[in-house]
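First the structure, in the form of structure tokens, and then the observations on it.
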Amino acid sequence: MSDITKVYLITGFLGAGKTTFLNRIIDRFPRDKKLTLLVNEFGEVGVDGTLVEGEDIDMMEISKGSIFCVCVKTDFIKGLYELSTTVKPDVLLIESTGVANPSDLKKDIKLPIFNNRFNFMEQFCIIDAPHFLGAFEVYASLEKQIASSSVFIINKIDTASPETIAATKDVIRKFHPDPLFFETNYADIPLENFFDLTADSAKVTFGRSGEEMMAVMSAEELDKFINDLLDSPDLEITPPDLLMSVAYKWTGDNTEQVELMAGALPASVMRAKGFVEENGNMLLFSFVQGDWTIEDPHIPAERVKHKNIIVFIGPPESMEGIETATQTGSWINMGEYQPYSN
């Protein structure tokens, strides 16, 4: 355990392949080094955390909005403080929600309460090759993600034409004079270019820079610090995109109902995801801007916390169309959630 935590941020729009990329890193990460994951999801019900592979992985999940906006900024800062004072990992991987504006991350991890614990290393932006151009025209968060990233993983190239990929690169080049591109499927890139994947048996000890220089804050002191931070006029309060999520519970027993629902969803729905059970088999339903699959997630059923619950994400005007689509089967509306409404 070292006195520095290297921080990597994984961004990308809804359904681009961020969790797939995260799992690739976990699979290659040395077992003698301490890795912590912070998984951020937009909706009230988290799905991505269940899909993270690997045993004995420290993971923190923050749902109900973007960690870079005021709606869950308190949870994010408290989580980072716990990591800096208690967990102290060698590497922190942050998977942000697909609608996040990550511009403030480098400022957040340099807050004085973290005592220079965090060292920002790289920001990866996962690009959904077949869907990027359409989403970019509508959602400002994509522009923010591109502007603040340094490595661009153009994913799902087997489903996009060479012309579409070239046009995607042209858009990104408007924000970067010399961007680093990887064209791939399943977010497969040479990780050794960015991570130290070698095992290190040497023991690392703390110097005087860590615990001796700054006492751990009390809960009251931490709350006061965060409240003062939230009162700052420089804090980003208004999100770039107005999106909502809604969760539906499926009570049917035949996934043909799920297929009918997916085919009836309005074009404005950006993302839908959840686990459904049919004849004792757990399946993953994944919908990205009109394309959808129902497949075996290859994870133990006991890891699924929210069975037969689908979370939909789209603009407010899509909520009525989602309600109509769910009339095709046995669905129960569990309530809408708009994290930026207050």
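The values are calculated or read from the model by the stated rules, or taken from the named source; none is laboratory data. Just so we're clear, the structure is a prediction, and the values are computed from it rather than from any experiment. Methodologically, a virtual Cβ is constructed for each residue, glycine included, from the backbone with ideal geometry; neighbour enumeration extends over all protein chains shown. Side chains included, ligands, DNA and RNA excluded: accessible areas come from the protein's heavy atoms. Shrake-Rupley method; radii C 1.70, N 1.55, O 1.52, S 1.80 Å.
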Task: Accessible surface of H131 - all protein chains present, 1.4 Å probe, nearest 10 Å² - done: 20
Task: Accessible area of the range 71-190 belonging to carbon and sulfur atoms, whole % at 1.4 Å probe - done: 50
Open item on the list: Let's test the formula: R0 of 51 Å, r as the Cβ-Cβ distance of M121 and S330. What FRET efficiency results, to the nearest 0.05?
Closed with: 0.60
Open item on the list: What distance in nm lies between label points placed 7 Å from Cα along the C-beta direction at F181 and D231?
Closed with: 4.9
Open item on the list: Keeping all protein chains in place and using 1.4 angstrom, which order do M60, M319 fall into by accessible surface area, from largest down?
Closed with: M60, M319
Open item on the list: How large is the accessible surface of D108 in square angstrom, using a 1.4 angstrom probe and rounding to the nearest 10?
Closed with: 10
Open item on the list: Using protein chains only and a probe of 1.4 angstrom, how many square angstrom of T251 are accessible, to the nearest 10?
Closed with: 80
TODO: Evaluate E = 1/(1 + (r/R0)^6) for D158 and T198, where r is the Cβ-Cβ distance and R0 equals 35 Å; express this FRET efficiency to the nearest 0.05.
DONE: 0.65
